Amino acid sequence: MTTPQKIPSRASVNPALSGPFDAEFDIIVVGGGGGGLPAALFARWLGNSVGLLEKAAELGGTARKAAFWYWVPNNKKMRELGLVDGKADFLRYVTRLSCPQSQDHSASSEYGRLIVPPGTDAAHVIRGETWEELEREIAQRLQRYEPITGGFRLSADFSQNLKAAVARFNELARAGHDEDFHRGERPVEQLFNGTVREEPGRTNPTLYPVNEGGPYYAALVTGGTLDTKGGAKTTVNGQIVDDQDRPIPGLYGVGNCVASASGRAYWAGGATLGPIIAFAYRAAYAAHAEPVKDVDLIEELQVHH
């Protein structure tokens, strides 16, 4: 057994809740979220004095609810494992999601928990003891939302198609190989599949026959808002531009408060945090390279005007 390594303590940054209102810094960062915090850190590493302004009681912004995965294409670990993630493939993937009209097609996938753990809010779950009861419950739920769905309803052959789909799924699940959709063939599918009970002879953790007796569960799955990511347009170095695409000196933007490189798409898990940290790095270095402004001269010019 090895002796645990002692990590030296270090001072943490404490908020300035009182004191003089006026202060002078090389870099001022507004917002201590997933973009502001790394930008402030990178700027400080370059030797700048940094002032961080945050109106919330705690730092973190929307990043406080993140899973903290960082999407880094062609990262070091991938290369060490011999996994090929070429630049051309990356660009095709993100372009296909962000600008689907420019590609032959687009694709997206999502995952979620439809049978929630005990004690968890299950308002979204629809339950029926039989297939027929489940169909009735789904129809009633859709009727509740008719004012916002435009009258969306189940088709007349829903029950027939549901039973046929379950029968086909059970056939593939017993064989352990999904010939239709290839569930479980990619590592990411098993990662998001969740914990399953060990079963003798099970070869694919993403497949298991649906019970022939109820209860059965369903949920209405539709589009939703993950987060906001819109605002001012920036250069590749985070410089905010004016209406003629000219960089505004001294003004930078990073994070979900500016226009995203991904446009209307969500590229992957961690595809906001990863690029945001990269752009924070570029913005900090670009701001560091700007000429130092003479505060006294600026105030004098303001007085004369």
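Just so you know, all these numbers are worked out from the coordinates, no wet-lab data involved. This structure is a prediction, so every number in the text was calculated from the model and none was measured. Backbone-built Cβ (ideal geometry, glycine too); neighbour counts: all protein chains shown.
The table for this structure:
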item: Lysines whose Cα lies under 20 Å from that of residue 163, excluding same-chain neighbours fewer than 8 positions away; result: none
item: Residue 292 paired with residue 212, simple spin-label distance in nm, labels 7 Å along Cα-to-beta-carbon; result: 8.3 nm
item: Residue exposure sequence - 55, 229, 163 - by fewest surrounding Cβ within 10 Å; result: 55, 163, 229
item: Net +/- balance of residues flanking residue 215 in space, Cβ distance below 10 Å, scoring K and R +1, D and E -1; result: -1
item: Under 5 Å, built H, 5+ apart or other chain: amide partners of residue 33; result: 60
item: Hits among lysines - C-alpha to C-alpha of residue 229 under 18 Å, sequence gap 8 or more where chains match; result: 65
